[in-house]
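Everything on this sheet refers to the single structure shown next.
The values are calculated or read from the model by the stated rules, or taken from the named source; none is laboratory data. None of the values given here were measured: they were computed from a predicted structure. When we count neighbours, we look across all protein chains shown, and the Cβ atoms used for this are built from the backbone with ideal geometry, even at glycine.
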Amino acid sequence: MKRAAIRIGVVFIEGTNCEDESVAFFRHLGAQAERVHLKQLTGNVPAELRRDPDDYDLLMIPGGFAAGDYVRAGTIFAARLRSKLSKDLVDFVRSGKPIFGVCNGFQVLVEAGLLPALGATMTAAPESVLATNDSGHYECRPSLLKLENGGSCAFTRGMKLGRVVTFISAHAEGKFLLPKDREKKMLKELVDNDQVVFRFVDDRGKYAGYPWNPSGTTYNIAAICNREGNVFGVQPHPERCFFRQLGPSWTRGPPDDSVYGDGQALFESSLQYLEKRF
């Protein structure tokens, strides 16, 4: 597939954010991209506005506070996806097409049963949860993440194992938790399956607690993927560091001719995956 033919749908509802930037960044890298409201996919709009998930080669669910994060973060968005689009999403994932969830989007994918997806492509009930931060409040700061995935994830295949990147944490519910009675078994399965993509580290590249781990998340997990590597959720925002000048310390670092920040690599890697796969 040629880059110019790749179609991206950034799915939004009331309360999401960064969808405009995400569309702009995919377009900047040469793909076609558009904002698509969930109602356009579920058919609750006039015929001329309707879209089908299969119209796209990649779906992205952006950050924010979808539906006000009532009940739990991402729950209402996920319920609306499941009620109308379960079969479409399962077919989408099984075809190898990627789904990208950032922050609130990660929460949506977990609530929808698309991550970690140990039991099925889309499980009947969530297998994990993104719970309230240990601090009990919203955490917003640059975070350091170390790449743990060995190459199975479509969104990081262009990155070197062990690379430490800077993304922006901005969440109140980012603590990845597994059921207590199955935590050890499920965590081992995630690691063995190469599904742990990024983990929080400190400024020496070591796994550390708060504030480096802003939520208290299990095993310092900041991002995971499904078994096949084409469904990916990351808690901190990579799009907020797409360009180098968006980074919080870009004026204090050594001279650098690079246009891009660390977040660009995820966007680029997903497009390279599609170019090679389809």
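Observations, loosely collected:
- Of all residues in region 154-170, those being in contact with a Ser or Thr (Cβ under 8 Å, 6 or more places away or on another chain) and more than 9 Å from P236 (Cβ to Cβ) number 6.
- The single condition among (1) more than 21 Å from G150 (Cβ to Cβ); (2) out of contact with any Cys (no Cβ under 8 Å at 6 or more places or on another chain); (3) not in a loop (DSSP other than H, G, I, E, B) that R240 does not meet is (2).
- Only one of R163, R199, R141 that is farther than 25 Å from F92 by Cα, within 19 Å of the chain's Cα centre (by Cα), modelled with pLDDT under 95 and surrounded by fewer than 21 Cβ atoms within 10 Å (Cβ to Cβ): R141
- L190 in contact (Cβ under 8 Å) with a residue 12 or more places away in the chain, within 23 Å of M60 (Cβ to Cβ), part of a helix (DSSP H, G or I) and not hydroxyl-bearing (S, T, Y): yes
- Taken over region 149-160, the criterion of being among the aliphatic types (A, V, I, L, M) and crowded, with 21+ Cβ neighbours inside 10 Å is satisfied by A154 alone.
- Residues that are part of a loop (DSSP other than H, G, I, E, B) and either touching a His at 6+ places or on another chain (Cβ under 8 Å) or over 19 Å from D192 (Cα atoms) (or both), drawn from region 121-154: M122, T123, A124, A125, P126, T132, N133, D134, S135, G136, H137, Y138
- Within region 97-120, the set of residues being more than 12 Å from the chain's Cα centre (by Cα) and without any contact (Cβ under 8 Å) to a residue 60 or more places away in the chain comprises E111, A112, G113, G119, A120.
- Any hit, region 19-34, residues being in a strand (DSSP E or B), modelled with pLDDT of 95 or more, more than 26 Å from S169 (Cβ to Cβ) and of a type outside the set (S, T, Y): yes
- Among (1) under 28 Å from N17 (Cα atoms); (2) assigned to a loop (DSSP other than H, G, I, E, B); (3) among the basic types (K, R), the one test that R199 misses: (2)
- Selected residue (only one of A131, A170 is hydrophobic (A, V, I, L, M, F, W, C) and out of contact with any Pro (no Cβ under 9 Å at 6 or more places or on another chain)): A131
- All positions within region 101-138 that are under 26 Å from T166 (Cα atoms), aliphatic (A, V, I, L, M) and surrounded by fewer than 21 Cβ atoms within 10 Å (Cβ to Cβ): V129, A131
- Residue in region 40-51 that is of a type in the set (A, V, I, L, M), in contact with a helix residue (DSSP H, G or I) (Cβ under 9 Å, 6 or more places away or on another chain) and under 25 Å from I168 (Cβ atoms) present: no
- Residue satisfying all of: in region 49-66; modelled with pLDDT of 95 or more and assigned to a helix (DSSP H, G or I); farthest from F155 (Cα to Cα) among these: L49
- Of everything listed in (1) part of a loop (DSSP other than H, G, I, E, B); (2) of a type outside the set (D, E); (3) within 18 Å of D192 (Cβ to Cβ); (4) in contact (Cβ under 8 Å) with a residue 40 or more places away in the chain, the single unmet condition for L161 is (4).
- Unique match (being over 17 Å from Q195 (Cα atoms), free of Cβ contacts under 8 Å to residues at least 60 places away in the same chain, within 17 Å of the chain's Cα centre (by Cα) and surrounded by fewer than 24 Cβ atoms within 10 Å (Cβ to Cβ)) among D20, D88, D52: D20
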